[in-house]
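Below: the structure, in structure tokens.
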Amino acid sequence: MTKKEIDNISEEDEYMEYWENKGTMKAKENSMYKDLCKSKEEKYNMIIELTVPWQRKLVARLIDEIKSIENARSSIEMENTVKLIYNNNKEMAESK
């Protein structure tokens, strides 16, 4: 989408979808993001390896739950940020 097309988006949902997708794709290309994800995954794996064998399955499930909670929280934060930007842009456009 071009800048002009973005400015012409009239629906909040369209605006949010565009910026969430663009932000996610841009973050995945960033080397710092990749390094942080790799480091975090290595730490999770280390925790599982240090756990006694008969508890590893339980610990792995707990880690999966933690990841799900983190993803949900990140998604909500991103959604709220995009909504604020959209509403601010809309107010500025209306005041002109």
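The values are calculated or read from the model by the stated rules, or taken from the named source; none is laboratory data. Since the structure is predicted, the reported quantities are computational estimates derived from the model, not experimental observations. FYI the Cβ positions are ideal-geometry reconstructions off the backbone, even for glycines, and counts take in every protein chain you see. With ligands, DNA and RNA removed, areas are computed over all heavy atoms of the protein, side chains included. Shrake-Rupley method; radii C 1.70, N 1.55, O 1.52, S 1.80 Å.
Brief remarks on what is shown
- Within the stretch 46-67, residues that are among the hydroxyl-bearing types (Ser, Thr, Tyr) sit with their Cβ atoms under 8 Å from residues that are surrounded by 10 or more Cβ atoms within 10 Å (Cβ to Cβ), at 6+ positions apart or across chains, in these pairs: 51/59.
- Every pair of residues 6+ apart whose Cβ atoms lie under 6 Å, when the first sits in the stretch 69-96 and is closer than 11 Å to residue 16 by Cα while the second is of a type outside the set (Lys, Arg) and modelled with pLDDT under 80: 78/20; 82/16; 82/19; 86/12; 86/15
- Filter pass, residue 15 being in contact with an Asp or Glu (Cβ under 6 Å, 6 or more places away or on another chain) and either surrounded by 10 or more Cβ atoms within 10 Å (Cβ to Cβ) or part of a helix (DSSP H, G or I) (or both): no
- For the stretch 1-57, the candidate set comprises residues that are at pLDDT below 85 and among the basic types (Lys, Arg); within that set, the residue that is farthest from residue 76 (Cα to Cα) is 4.
- Qualifying residues in the stretch 36-46 (those that are open to solvent by less than 100 Å² (accessible area, probe 1.4 Å) and not small (Gly, Ala, Ser)) - the one nearest to residue 85 (Cα to Cα): 37
- Subset of the stretch 47-96 [over 24 Å from the mean Cα position of the chain (by Cα), loosely packed, with under 13 Cβ neighbours inside 10 Å and of a type outside the set (A, V, I, L, M)]: 49, 53, 54, 55, 57, 91, 94, 95, 96
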